[in-house]
Every structure is written in structure tokens, then in C-alpha cells.
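The values are calculated or read from the model by the stated rules, or taken from the named source; none is laboratory data. Keep in mind it's a predicted model, so treat the numbers as computed, not measured. Neighbour counts run over all protein chains shown; Cβ positions are idealised from the backbone, glycine included.
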């Protein structure tokens, strides 16, 4: 998944305006230390780290390298500000392009298939970890840092400080990518409305339990129904927000853990095993063996059908009429307009756009009228299963990139994720990658204005929300199948069951093709004979038989109590 933010441009443009000439002959490192405040390092430590970059870069001075990422506020800051700092300090010019996520994957895929060096490094979602581990087209950084990349590896890199390093580590224990930005999908709600005594009393009278953060989908549905159609602050309110246009973003609306939140897969960390949130089953060697129930997969299982049905029902009944025709980037800003009571599937990357003064969802003192919390679970969910999705855009260097260019790109990747830079970069983009940044005192001060974001990332929950895992053997080939087939269900062209039957068959067809090609060797797919859905539904775990009651007793929890549980 990705987030196509285009905000924060004004502040970034102002920073770009600080040309080298304005500082005359002053020390460039000193100049940029002033820009990179606050930091988890002292200024003396920052100077030492930047001097290391300056010295390590000497063999590459005068080079121009090209890197690419998706369009995100964090990456715009890197492209507009950090490339300038890197050039001033190292003499290496970086052209940092930012384009749509689909375009990033297309460029990456083309380079993998042709061997032609299009970019020297990519910020590529860790959702492709299964792809990178199997195809061996990217440099695994564990070996790189001991070999060709050793002389250009920052001694202060501190891999263990990266929150999402487990997401970019393959089953072989090798690190394939370096996290650059992260954001989770969580539950978003109007804290002020949920704590309004009149609204609370009305809800209690109607539903018989307290209005609070929904723990399960049953409570979410009740709350959505309760708020939809009400007039609050002179505006008609809706109890849900989503999007439904047949578009690539509709695909990762589902692959980004919607199915596991419903309870489709198996328990396991960071992803369900043997069946993950895509419904793909793997054997003990991590070889994908099926997606349809007939082969032990769960993509077309009762839990998956339930997940799609609830999405469509809530979109139609409790969302603004325009939502069904929206894509992700269009739907994202809608809650900030003040008419949405709650949203099940909300990305924390929207935080920066939700806390601007003057918005209907922000108080006069700058504190938000809303909060974020864990998303509720569906009827099929059991403890130990995946609870939600976290995007982890990560630096990826392909083997087809010449060594010297790869070394220069590796220096830049480490620079923009360094402790010297990271706190300031995180203040701009709010996409946290380092524990040292999350616990920096500057974020303790800012936390009350971020609606629970800091509390989430300071809790153990920060690693419970995980990206797509290693069960998916070829993300670029499989991901498009989701929006194409889910789009048929969303539009009404097919029933959810028909759409998911088509999806699982399409996934198996692609995996069979990979298997026949032999390009992934002995860790690629092994699609065998079908034993039938009835056989697999009788076995423990996923796929699971249809529940007699898909709306169990609704459960809510007070937000403040929830925050206390996070701290534990």
C-alpha cells in the first residue's frame, strides 16, 4: 500500500530557499546541524556523524545518482531539503524523484526483469519482502554491509534502533531493505462526540451499552448506524468513511490486512502462518501451495466473504454518497471536514493533515477533537491473529545497479535515515522508523496535539501492526488481481463470493506460472492437487467454516482506559 500525500510543500519550499550562498564560506556541517533540530543526538554527536559521511563520500564526490520513492510528505522533504544537505556535505548530487506507488513498482519490476539500471535505489514497500527474498534480485543488506558496502556503512547506523527491521528481514535472517518511513492503519473517531454526555446517553438508551471505542465489528456497526443521519454542529453526520472506486488503491484497501482484521487467516507474527492475510497458504518451507479453499487457502473462504460484505454494506449505508466513487487519495481528507464520526480503516500518515489549526476537527488551542485507536476485530478473529497493517517504505538496492553507484546511493539512504536527521524528518512527516526518535522529548511535548499517534508508537503495538509478509511470492504480479476482482464486488457486477472465487483462482494461476518458470528455485510456489474445500474446512485453522452468528455481542472500551492498556 501507499499514501499519496502532497502536503507540507510550503514549509519544505521555505527550507529549500536556504541556499548555500546565503551561508557564504561558513561550515556546511554547522549550517545543517542548525537545520536538523531537534535531534536525538547532541550537536557534537551530529557533527561527528556528518563528518563520517563527508569523509566516506570522498571517492564519490562529483557523482550524480538517481533514486525514487512514492509521493509522501516525508519523501518530498527528502527530495527538496535532504538532497541539498547531502550535496553540501558530501559533494554527491542526488536526483530524488517522487511518483505514484504503482509507478515505483513498475520501474522496480522493469529493472529486475531487464537488468537495466533505471534507479540506483528505490524506497519500496516492505510488502515485497517475499518477492525480494525469492527472486534474489536485490542486494541483501546483511551481506552488503560486510562486503562491498562495508566501507560506506555508517558505524552509527544502529540497525536495532529501526522499529520495522523485522518487516524487512527474510526467513533466511537476512535484512533486504532499510526502513525509511512507516505508518499504520488504525481506527479514527470523534473523541469530542463520543464524550458528549447527551450523545452518550442517547446511545446507551438505544443500544443498551456504553458508547466507546469499538472492540469488535458488531459495535462498530451499531455506532455507524447511530451517527448516520444525525445533525451535529449544523452538519449532517455519517458513521463511516471509506472509498469504492475500481482503482489500484482499492486493492491495498483489502490486502493491507482487512481480511485478517475480519479473522480470515491464521495466528502468527508478523503474519499468519500457514495462511496469511492474502489467504495464501504456505508449507513448512514457505512455499506457497494455494489460495482457494480447495487447496487450503482462504481467499474465498466464509471469513473473506464476510469481510467484503461488511465493507460494501457499511460503504452503502453509513458513508457519504460520494464515497463509493472515490479513490484513496480523494477519501483521505474527508474526515477532516467534520462530518465523519468514525473510520475503521484510517492511515496515521493522514495525521499531519488532521491537526492543522482552523480545521473543524481541531480545537482553538491546536489539540485535535479526534483520536486514533486499534481497529476493531471481525467475527472470525481470534487472539494471536494479525491485528492491523503498517506500511514500511524501505530503501532497496538492486543487484543490477553498478557497485560504485550502489555505494553512493547507500550513503544517501543512510543519511536520510540517520539519527542526525531522523527526529527533524519525523517532525515534518510523522512517519516514524527509529525508537530513539519516537521517545525523543520533542515528541513528548507534541504528543497532546497528535491524537494518540505517539502513544501508539511508544507502545508494543508499534510492531503488532505489520506489512504484507513472505507468503506473497510476487507482489507486483499478484496485487493488481485484488483491485480488479474486489472492484467487481464493490460495483455490484459480481457477488462477494463470485469475486473472491475469481480472485483466488487468478492468484493460483499466477503462482503456477511462477512455479513452471523455476525462477524462484526451491522457495517458489508449489501448487499441488486440490483436496476440496470440504476437506480443508474440517481441518483446524484457516480456512474456517461459516459462523452461525456473524454479529456477536458488541463490545466497547473507554478510550482513556485503552491508552492505559497501550502503555502496559
Exercise. List the pairs whose first member sits in the stretch 307-322 and is surrounded by fewer than 21 Cβ atoms within 10 Å (Cβ to Cβ), whose second member is not in a helix (DSSP H, G or I), and whose Cβ atoms are under 6 Å apart, counting only residues at least 6 apart or on separate chains?
Worked result: 315/242; 315/244; 320/238
Exercise. In the stretch 257-265, is there at least one residue being outside the structural domain of residue 427 (by TED's automatic domain parsing), surrounded by fewer than 22 Cβ atoms within 10 Å (Cβ to Cβ) and over 14 Å from residue 311 (Cα atoms)?
Worked result: no
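Report, by residue number, each residue of the stretch 245-266 that is in a loop (DSSP other than H, G, I, E, B) and modelled with pLDDT of 95 or more.
Let us first name the residues in the stretch 245-266 that are in a loop (DSSP other than H, G, I, E, B), namely 245-247, 256-257, 263-266.
Result: 263, 264, 265, 266.
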Exercise. Is it true that residue 339 is in contact with a helix residue (DSSP H, G or I) (Cβ under 7 Å, 6 or more places away or on another chain) and touching a residue at least 60 places away in the same chain (Cβ under 8 Å)?
Worked result: no
For this session: Among the residues of the stretch 188-219, count how many are surrounded by fewer than 16 Cβ atoms within 10 Å (Cβ to Cβ) and in a helix (DSSP H, G or I).
Result: 8
Problem set entry | Scan of the stretch 391-405 for residues that are more than 27 Å from residue 436 (Cα to Cα) and either part of a helix (DSSP H, G or I) or within 24 Å of the chain's Cα centre (by Cα) (or both), ordered by number | 398, 403, 404, 405
For this session: Specify the residue that is modelled with the lowest pLDDT; the eligible residues are those in the stretch 17-42 that are more than 35 Å from the chain's Cα centre (by Cα) and in a loop (DSSP other than H, G, I, E, B).
Result: 25
Exercise. Quick one: what pairs do we get from the stretch 17-38, first residue under 26 Å from residue 445 (Cβ atoms), second surrounded by 12 or more Cβ atoms within 10 Å (Cβ to Cβ) and at pLDDT 95 or above, C-beta under 6 Å, 6+ apart or different chains?
Worked result: 32/85; 33/43; 33/46; 36/420; 36/421; 36/424; 38/423; 38/442
Problem set entry | Failed condition for residue 281, given (1) under 20 Å from residue 502 (Cα atoms); (2) under 15 Å from the mean Cα position of the chain (by Cα) | (2)
For this session: Name the helices (runs of 4 or more DSSP H) wholly inside the stretch 48-137 in which the number of residues that are modelled with pLDDT of 95 or more, over 19 Å from the mean Cα position of the chain (by Cα) and over 14 Å from residue 416 (Cα atoms) is 2 or more.
Result: 101-114, 129-135
Exercise. So which residues in the stretch 317-341 are more than 20 Å from the chain's Cα centre (by Cα) and more than 15 Å from residue 250 (Cβ to Cβ), if there are any at all?
Worked result: 317, 318, 320, 321, 322, 336, 337, 338, 339, 340, 341
For this session: Please indicate, with yes or no, whether at least one residue in the stretch 345-360 is at pLDDT 95 or above, farther than 15 Å from residue 192 by Cβ and in a strand (DSSP E or B).
Result: no
